[in-house]
1. Quick one: would you say T255 is farther than 22 Å from D92 by Cα, at pLDDT 90 or above and more than 21 Å from the chain's Cα centre (by Cα)?
2. Please identify the pairs in which a residue from the stretch 237-248 that is assigned by TED's automatic domain parsing to the domain that holds Q75 and closer than 15 Å to T68 by Cα has its Cβ atom under 6 Å from the Cβ atom of a residue that is modelled with pLDDT under 90 and assigned to a helix (DSSP H, G or I), counting only partners at least 6 apart or on another chain.
3. Would you be able to say whether some residue in the stretch 131-146 is more than 25 Å from the chain's Cα centre (by Cα), crowded, with 21+ Cβ neighbours inside 10 Å and modelled with pLDDT of 95 or more?
4. Within the stretch 209-242, can you find the residues that are surrounded by 23 or more Cβ atoms within 10 Å (Cβ to Cβ) and hydroxyl-bearing (S, T, Y)?
5. Out of the residues in the stretch 62-99 that are assigned to a strand (DSSP E or B) and among the hydroxyl-bearing types (S, T, Y), state the one that is surrounded by the most Cβ atoms within 10 Å (Cβ to Cβ).
6. What are the residues in the stretch 152-169 that are part of a loop (DSSP other than H, G, I, E, B), free of Cβ contacts under 8 Å to residues at least 24 places away in the same chain and crowded, with 17+ Cβ neighbours inside 10 Å, if any?
7. Determine whether Q175 is surrounded by 13 or more Cβ atoms within 10 Å (Cβ to Cβ), in a loop (DSSP other than H, G, I, E, B) and out of contact with any Cys (no Cβ under 8 Å at 6 or more places or on another chain).
Amino acid sequence: MSASTSPESSGDAGTTRGSSHVHPPAAGAGRRGRRRARLRLWHLGVLTVLVAVLAATAVRTLVIDVYTVDQVSMQPTLDDGERILVDRSYPDEDGVRRGDVVVFDGTGSFAPYQRDQGAMVRFVQHIGHWFGQGAPPQTYVKRVIGVGGDTVACCDAQGRVTVGDEPLEEPYLLQPATRSTPASEQSFEVQVPEGRFWVMGDNRTESVDSRALLGAPGGGMISEDRLIGRATDVFLPWSSRRHLAELPASEAVRTGGQASADDHESQEIPDDQ
């Protein structure tokens, strides 16, 4: 009968049906497996990037940060365009130390009248800084000259700054202090309150520092809570990389004797304003 079907035909049909229902799912499962593998790799890549970013952010927030010097006020210690490493754990139990080169937020002192640029502008600035494109405009780098309790004055008969009536030896100055070229063309005498410090640039004739704020609110004193950290190294450009050695405590304020400039060859430090 035309309606009858032979076993062979039935078997062939069964084979055909089996093929149509078995092989495509196997191929689909393979594609799904490959998609899952790619997805796992993508997730792993994203997780790796996130961990790296978080680790770098933690380091830069809690330990070491990077700043670019964009002025000449700290020559010859630091030069325009140099990039410096900043130790954010500073100050330690010894507190702020005379002679240290520090980075600080000048808001309320050096930048008291800066107009608020808005959250988005600040965000872009900080992102740019994170990737090494400069620093927020209110950030400064200077050298600590006096700390809480000090009386800082200029100048003595030899043209030197004094701290507590003792002459301050400053081998890091661009122009050595003498009677004819004093450490500051502006005379002053200030008492530094506890919790604050007095800063000056190493290139005294080109530095806008605490001297410029005499008579202003705060009198040129920087609050310790504005400290960002201490400059420790110049790492770019590569040809200028060097460590910024700390001044020995015995040389931060010297009572006579001569401070050897050779002791401070590595004391080249950047400026900021």
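1. Details: farther than 22 Å from D92 by Cα: yes; at pLDDT 90 or above: no; more than 21 Å from the chain's Cα centre (by Cα): yes.
No, not satisfied.
2. Matching pairs, first to second residue: none at all.
3. Looking through the stretch 131-146, none of the residues is more than 25 Å from the chain's Cα centre (by Cα), crowded, with 21+ Cβ neighbours inside 10 Å and modelled with pLDDT of 95 or more.
4. S210
5. Applying the first criterion (assigned to a strand (DSSP E or B)) to the stretch 62-99 yields 64-68, 71, 83-87.
From what's left, among the hydroxyl-bearing types (S, T, Y): 67-68.
Numbers: Y67: 25, T68: 18.
The qualifying residue surrounded by the most Cβ atoms within 10 Å (Cβ to Cβ) is Y67.
6. Taking the stretch 152-169 as the starting set, the residues that turn out to be part of a loop (DSSP other than H, G, I, E, B) are 155-160, 164-165, 168-169.
Checking which are free of Cβ contacts under 8 Å to residues at least 24 places away in the same chain leaves us with 156-158, 160, 165.
Hits for the stretch 152-169 are D156, R160.
7. Numbers: surrounded by 13 or more Cβ atoms within 10 Å (Cβ to Cβ): yes; in a loop (DSSP other than H, G, I, E, B): yes; out of contact with any Cys (no Cβ under 8 Å at 6 or more places or on another chain): yes.
Here the answer is yes, as Q175 does meet what is asked.
Residue by residue, here is whether (1) under 17 Å from Q75 (Cβ atoms); (2) at pLDDT below 95; (3) not in a loop (DSSP other than H, G, I, E, B) holds:
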residue	(1), (2), (3)
P171	yes, yes, no
G215	no, yes, no
G218	no, yes, no
D225	no, yes, yes
E251	no, yes, yes
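The values are calculated or read from the model by the stated rules, or taken from the named source; none is laboratory data. If you're wondering where the values come from, they're calculated on a predicted model, not measured in any experiment. As a convention, Cβ positions derive from the backbone with ideal geometry for all residues, glycine included, and neighbour counts pool all protein chains shown.
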